[in-house]
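Okay, so here's the structure we're looking at.
The values are calculated or read from the model by the stated rules, or taken from the named source; none is laboratory data. All figures in this text were calculated on a predicted structure; none of them were measured in a lab. Note that we place each Cβ from the backbone using ideal geometry, even for glycine, and neighbour counts take in every protein chain shown. Keep in mind that these areas ignore ligands, DNA and RNA; they rest on the heavy atoms of the full protein, side chains included. Shrake-Rupley method; radii C 1.70, N 1.55, O 1.52, S 1.80 Å.
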Amino acid sequence: MARKKIIAGNWKMNKTPSEAVALINELKPLVANDEVDVVFCVPAIDIPAAIEAVKGSNIEIGAENMYFEESGAYTGEVAPNMLTDLGVKYVIIGHSERREYFAETDETVNKKVLKAFEHGITPIICCGESLTQREQGITIDWIRQQIKIAFLNVTADQAKKAVIAYEPIWAIGTGKTATSDQAEEVCAAIRQVIGEIYDGATAEAIRIQYGGSMNAGNAAELLAKPDIDGGLVGGASLKPDFGQIVNYNK
Ligand code: PGA
């Protein structure tokens, strides 16, 4: 069965709740495409307003982060059941900005992935190499390691539902997109490592996104690659261009 494409916006630390509602209302008609799963990952504080605003549309709301404990003395964190209570279906885990500025590691990523599955939230698990790593020729080794740790103790049935976002750090917010061949090479390697950890059926089922300066101009070429099943889109998800990305096949 062909994998359904999944295009997710990552709003990062942008838009107040009222601005979020305005942007959703603007984008709603532009992102209508039933052939694609469409997700807006928004700041935690925007989630209640965003959930209301997308009602009746094809848009699902995701979070940008989540903690791996159920509740307790973790000042400032958001628990998984706080997200599910609002109707959140997806959560970005281990974005490179969280790894760089908020000390997330492959181990905390793994804990969060397990917790998300426990609560029925689909994790969008981020991986990606730095420019130095690419220049040193260790991209694939590095990504294999990130994936192996992220999926520790994750069952095959869970892994089949996971989304992986391959985001080369040097391409994020820089306007420097990986070529479609570079992106495909790594996404294919990710599918291979999933096949090694689990089996061929799991590797075939899992959806792998590319992220890093995806825009209306390059989305169609990237999404035409056999192992690229979608996109995780930052800057361009805050603009009408997101509609063009979602409708890349029209
Ligand atoms: P960008 O961000 O599209 O602005 O490069 C992508 C991301 O960080 O998910």
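How about the range 170-183: which of its residues are in a loop (DSSP other than H, G, I, E, B), small (Gly, Ala, Ser) and open to solvent by less than 60 Å² (accessible area, probe 1.4 Å)?
Initial filter on the range 170-183 (in a loop (DSSP other than H, G, I, E, B)): 172-179.
When the remaining residues are screened for being small (Gly, Ala, Ser), the result is 173, 175, 178.
The one that is in a loop (DSSP other than H, G, I, E, B), small (Gly, Ala, Ser) and open to solvent by less than 60 Å² (accessible area, probe 1.4 Å): Ala178.
Just the residues that are under 19 Å from the mean Cα position of the chain (by Cα), basic (Lys, Arg) and either closer than 15 Å to Ala171 by Cβ or not in a helix (DSSP H, G or I) (or both), please, taken from the range 128-146.
Scanning the range 128-146 gives no hits.
Search the range 105-159 for residues being touching a Leu at 6+ places or on another chain (Cβ under 8 Å) and polar (S, T, N, Q), and hand back the single one that is nearest to Asn65 (Cα to Cα).
Among those residues, the one meeting the criterion is Asn110.
Filtering the range 136-169 down to residues that are hydrophobic (A, V, I, L, M, F, W, C) and either farther than 25 Å from Tyr101 by Cα or at pLDDT below 95 (or both), which residue is farthest from the ligand (Cβ to nearest atom)?
Kept after step one, since they are hydrophobic (A, V, I, L, M, F, W, C), are these residues of the range 136-169: 138, 140, 142-143, 147, 149-152, 154, 156, 159, 162-165, 169.
Filter once more, so that each one left must be either farther than 25 Å from Tyr101 by Cα or at pLDDT below 95 (or both): 154, 156, 159.
On the way: Val154: 22, Ala156: 27, Ala159: 21 Å.
Of everything passing the filter in the range 136-169, Ala156 is farthest from the ligand (Cβ to nearest atom).
Part of a loop (DSSP other than H, G, I, E, B), more than 12 Å from the ligand (Cβ to nearest atom), modelled with pLDDT of 95 or more and surrounded by fewer than 18 Cβ atoms within 10 Å (Cβ to Cβ): does that describe Gly195? Show your work before the answer.
On the way: part of a loop (DSSP other than H, G, I, E, B): no; more than 12 Å from the ligand (Cβ to nearest atom): yes; modelled with pLDDT of 95 or more: yes; surrounded by fewer than 18 Cβ atoms within 10 Å (Cβ to Cβ): yes.
The answer is no for Gly195.
Name the residues in the range 112-127 that are in contact (Cβ under 8 Å) with a residue 60 or more places away in the chain and assigned to a helix (DSSP H, G or I), would you?
none
Does Val186 satisfy being part of a helix (DSSP H, G or I), modelled with pLDDT of 95 or more and surrounded by 19 or more Cβ atoms within 10 Å (Cβ to Cβ)?
Judged against the criteria, Val186 is a match.
Tell me yes or no: at least one residue of the range 219-233 is within 15 Å of the ligand (Cβ to nearest atom) and open to solvent by 40 Å² or more (accessible area, probe 1.4 Å).
Pass one, the range 219-233, residues within 15 Å of the ligand (Cβ to nearest atom): 219, 222-223, 228, 230-233.
Now narrow it down to the ones that are open to solvent by 40 Å² or more (accessible area, probe 1.4 Å): none.
Within the range 219-233, not a single residue is within 15 Å of the ligand (Cβ to nearest atom) and open to solvent by 40 Å² or more (accessible area, probe 1.4 Å).
If I ask for residues that are in a loop (DSSP other than H, G, I, E, B), open to solvent by less than 40 Å² (accessible area, probe 1.4 Å) and touching a helix residue (DSSP H, G or I) at 6+ places or on another chain (Cβ under 7 Å), which ones from the range 205-218 would you list? Give the derivation first.
Narrowing the range 205-218 to residues in a loop (DSSP other than H, G, I, E, B): 206, 212-218.
From what's left, open to solvent by less than 40 Å² (accessible area, probe 1.4 Å): 206, 212-214, 216, 218.
Result: Ile206, Gly212, Ser213, Met214, Ala216.
State yes or no: is Ile7 within 16 Å of the ligand (Cβ to nearest atom) and either crowded, with 22+ Cβ neighbours inside 10 Å or in a strand (DSSP E or B) (or both)? Show your work before the answer.
Details: within 16 Å of the ligand (Cβ to nearest atom): yes; either crowded, with 22+ Cβ neighbours inside 10 Å or in a strand (DSSP E or B) (or both): yes.
Spelling it out, Ile7 is indeed within 16 Å of the ligand (Cβ to nearest atom) and either crowded, with 22+ Cβ neighbours inside 10 Å or in a strand (DSSP E or B) (or both).
Could you please find all residues in the range 219-249 being in a loop (DSSP other than H, G, I, E, B), out of contact with any strand residue (DSSP E or B) (no Cβ under 6 Å at 6 or more places or on another chain) and more than 19 Å from Arg3 (Cβ to Cβ)?
Answer for the range 219-249, where residues must be in a loop (DSSP other than H, G, I, E, B), out of contact with any strand residue (DSSP E or B) (no Cβ under 6 Å at 6 or more places or on another chain) and more than 19 Å from Arg3 (Cβ to Cβ): Lys239, Pro240.
Return the residues of the range 80-101 that are of a type in the set (A, V, I, L, M, F, W, C) and either in a helix (DSSP H, G or I) or over 18 Å from the mean Cα position of the chain (by Cα) (or both); say none if nothing qualifies. Reasoning before the result, please.
Taking the range 80-101 and keeping what is of a type in the set (A, V, I, L, M, F, W, C), we get 82-83, 86, 88, 91-93.
Within the range 80-101, Met82, Leu83, Leu86 qualify.
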